[in-house]
Every structure is written in C-alpha cells, then in structure tokens.
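**Q** Got a structure for you, written out below as structure tokens; questions coming shortly.
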Amino acid sequence: MSGGGAFDSLLAFNMDLEDCSSETIKQVYLAIQNSYALFFNPYEITSGSLLFKLCKINLEKFIIEYAYKNHWIEKPTRNLMHSFGTNVAKADFFVERRLYNLSESWEIIKTKSNKQESLQLRFPKVIYICLLNACNANCPHCPWFSLAHSRTQTNDYFRIKQQLASSNVNKVLEYASKGGCKVIFSGPGEPLLDSRLLGFVQKAKNLGIRRIELATNGILFNQKIFRDLLEASISLFDVSILFANEVYNQCNKGFLVDYQKTLKELADISENSEYKAKIKLSICYEKEFLREALEFFLALKEYESIECQMAYYDANAKYWEGGKLNNTRHSCSAPFSSLYVFPSGAVGFCEQQRGWLGRERVESFCIGNVYQESLEQIWQGKLHQKMQQRHLNLSFDKICETCGAWWNEKS
C-alpha cells in the first residue's frame, strides 16, 4: 500500500496465463494507470476472468454496487448514486461489472492478438467435442436426457443414435493443435460411454495439445479409467452430481456412498501421481437435500485436487427457455472465442445453442458441419463472420435474445 489509498497490483481472475501472450502480460504490467486485457472465454468470464492492473481504486462506486447486489438499495437509488460521480462508459464487452466499479476509468491494452477491430481471431480459444448423443443417466436438470425435459423435444436429435466419426474427431484435434486451442470432451451425452475416448485423448496429447478437459457425470469412473485418462494428459475432470428426488429414485442403494469413495480414490491417485490434474466437482441440490449435499461436500473439500462448489437447483427451471431480457447488453463473447462440435457434425459456438438441440432445427443456429467443411473453413466462413457482426451490432436471434447466461451486461 502507498499513500493516498492507492495501490499497484497485477491480477488475473480465474484464468490460465497461458491464454495470454508474454507481450500482453508485459504491457499490462508496465501500465501506469488502471488497465486490462481482453480475454476471449465466455464461460470463465462468470468469475471475472480478466488480466488487469489496478493502480487506484474508487471504493464509492464499488460500495454502491455491493449494496445493490445485496438488495440493500433499489436500482433507481443505485443509478442515482452512481450519477453523482464521473460516468465512464465501458469500452468493451469483457469488463465485468464489479471490477468496472473499482475505477473511474480503464485503459484497454491492445495487442496483435486481442484487437477488437480485428473482429476475427485466427483460431478459437476453446473447442468442445461432443462425441455422442447418449447418456447413462436421466438427471432432472439435463436439457437432453431428463425424463421430463426429453418429453418436450420436438425433433429426433436424441431419438436417433449419433456418434461423431473418428476421422472428423481427428481432424478437429489437428486443427486445435494448430491453433493452440484448449479441447474439452463434453456433452450432450456422456463421453465415458464412448470406447474411443482414451484414444482421442492420447492423440490430442501426441499432437501437443496442452490443455485437455473432460466433462462427465463420473458414474463410470473407476481407478483404471481415471489413471489411463490422467496419464493421457487430461488436466481437468469436470464432474457434476445432483441431489434431487429423481436422482435418488434412480440410484442403487448405497450409490452415493460408493460415488464419494470413488472420488476420494481418484483424488489420492491424482495427488500421488506425476500427472497432476484437478477434479472440479459441482454439487447441485434441491432444497430438501441441502444437508446431504453439504455432508458430501464436507467429506471431499480437504482434498487439494478436488475443487468443490455447491449450487441450488431449481426444479422448475427450463434450460432452453429463459425469457426475453430487458436490460441493455454488450455483445456476447461466445462467437469470438469458442466452437462446439456436436455429435451430428454440426458446429455451434455456445452452450446455450447446445441446449436447444432437441427442440430446434440445428441448421437454424449452427454455422457449419464438419462432414461438409473443415473446422478452419467454418471458423473463417461467412456464416460465422455474419454471426459475429450481428453480435457486435446487438442484433440477436431467438436463442441469443432469451439467453440468461451473459454476465457482461451494462446494468
């Protein structure tokens, strides 16, 4: 700390510095005023994912926003109090609100890799590969396989078995390697059901892809599968479990005890292995299962390799619906940063689109298909560029318009 309440710090919120070039880090570090660098990842932005240097803070604006977020003051009062200070518009759509309110103004660090005027990044930051459209569970919050939600599907996307061809998966991995992209094997569908998964992870490792992740319900995990994937260079296992009536009704007696034991065994393997990896465990719960969820959480939280988080599950929520949001928005970052390759070969760029797969013609929101074009052609293609431009112009289609996932809002 120095005189006058000013301090000088370089901070990165919830991000891997490998995603920033040394040039970017250097420029932010040497900045003499509050500065930040763009970070193209729509799903890490929820935790304020941003590389920035904070030299001077304005606590008044932060306190006003903190009071509003905790429902101590109403929105008109919040806006009135903010109006007494200097109003500085956000220059870009990556500045998260709480951070923004720590300063009267921010300077954007522009580098060759993050200039907004170069609309198109050469490669996406992250590629999600969805191998198949089948699952071994019917979690009630799932937009595809829950018993209730699957009855609302209006097309055959999940009624006909689909599996992404090995040749296309390999091409996607080669493209990811070329662009230094992070690869996530993910849903719709449970990746561990696909016997090819380990081979694909090994291929990704051999191609030099440094960050490989797996999103799974974890039901099929055992020590051998986990160890094999760990040695093949999975760096993050994103595992989720839901404490809800429907889950309990489907589980075998003692399942949760066995599941917890398995997670402890996997944590021990990871912590005693040369191949270090994190297990990110998301524990969702309905209100009546708070105690069980909390006990499950407490039994695992001491493991360094397990990152636990808890979240309340609203049984009435419909993932794919949302509601038209009235607040003014900045453009979403998804079209500029990520690609989803679905089991049918169709390509989208965000999780929200993926949630509509059983309810909307996939061609209406996707930007190409890997059975017809290469991923490079799709990423550089006219459909993708058109979608990016529409987002910059704040002109959104049905899915984007109702999306409640954005955190980069103006108010």
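The values are calculated or read from the model by the stated rules, or taken from the named source; none is laboratory data. None of these values were measured; they are calculated from a predicted model. Neighbour counts run over all protein chains shown; Cβ positions are idealised from the backbone, glycine included. For the accessible areas, the whole protein counts, side chains as well, though only heavy atoms, and no ligand, DNA or RNA atoms are used. Shrake-Rupley method; radii C 1.70, N 1.55, O 1.52, S 1.80 Å.
**Q** Take every Cα pair under 8 Å in region 193-302 that's 6+ residues apart, average their separations, divide by the length, and report that relative contact order as a whole percent.
**A** Numbers: 110 pairs, mean separation 32.9, N = 110.
Relative CO of region 193-302 lands at 30 percent.
**Q** Hey, which of these cross-link pairs are over 23 Å Cα-Cα: LYS125/LYS382; LYS161/LYS182; LYS203/LYS386; LYS178/LYS280? Intermediate results must be reported in sequence, preceding the final value.
**A** Working: LYS125/LYS382 19 Å; LYS161/LYS182 27 Å; LYS203/LYS386 33 Å; LYS178/LYS280 27 Å.
Those over the limit are LYS161/LYS182; LYS203/LYS386; LYS178/LYS280.
**Q** Please work out how much accessible surface ASP238 shows to a 1.4 Å probe, ignoring ligands, DNA and RNA, in Å² rounded to 10.
**A** 50
**Q** Still on this structure, I have one more. Please list, ordered by chain and number, the residues whose modelled amide H lies under 5 Å from the amide H of GLY368; skip anything fewer than 5 residues away on the same chain.
**A** Those qualifying (amide H under 5 Å, at least 5 residues apart or on another chain) are VAL347.
**Q** Under 13 Å from the Cβ of GLU376, count the other residues' Cβ atoms, weight Lys and Arg +1, Asp and Glu -1, and hand me the total.
**A** Details: positive: ARG122, LYS171, LYS178; negative: GLU174, GLU373.
Taking every other residue near GLU376 into account, the sum is +1.
**Q** Considering only the other residues whose Cβ falls under 10 Å of the Cβ of ASN155, what net charge follows from Lys and Arg at +1 and Asp and Glu at -1?
**A** Working: positive: ARG159, ARG359, ARG361; negative: ASP156, GLU360.
Around ASN155, the surrounding residues sum to +1.
**Q** Per residue of region 58-67, what does 6.51 cos²θ - 1.76 cosθ + 1.60 with θ = phi - 60° give for ³J(HN,Hα)? Whole Hz please, x for Gly and Pro, Karplus curve as stated.
**A** 10, 5, 4, 5, 5, 5, 4, 5, 4, 5
**Q** Give, as a single signed number, the net charge of other residues whose beta carbon lies under 15 Å from the beta carbon of ALA165, with Lys and Arg counted +1 and Asp and Glu -1. Walk me through the numbers on the way to the answer.
**A** Values: positive: LYS161, LYS171, ARG196, LYS203; negative: GLU174, ASP194, GLU373.
With Lys, Arg at +1 and Asp, Glu at -1, the neighbours total +1.
**Q** Tell me which residues come under 5 Å, amide H to amide H, from PHE396 once H is placed; ignore anything under 5 positions away on its chain.
**A** Correct list: empty.
**Q** Name the residues whose placed amide hydrogens come within less than 5 Å of the amide hydrogen of PHE243, ignoring near sequence neighbours (fewer than 5 apart) on the same chain.
**A** CYS284, TYR285, GLU286
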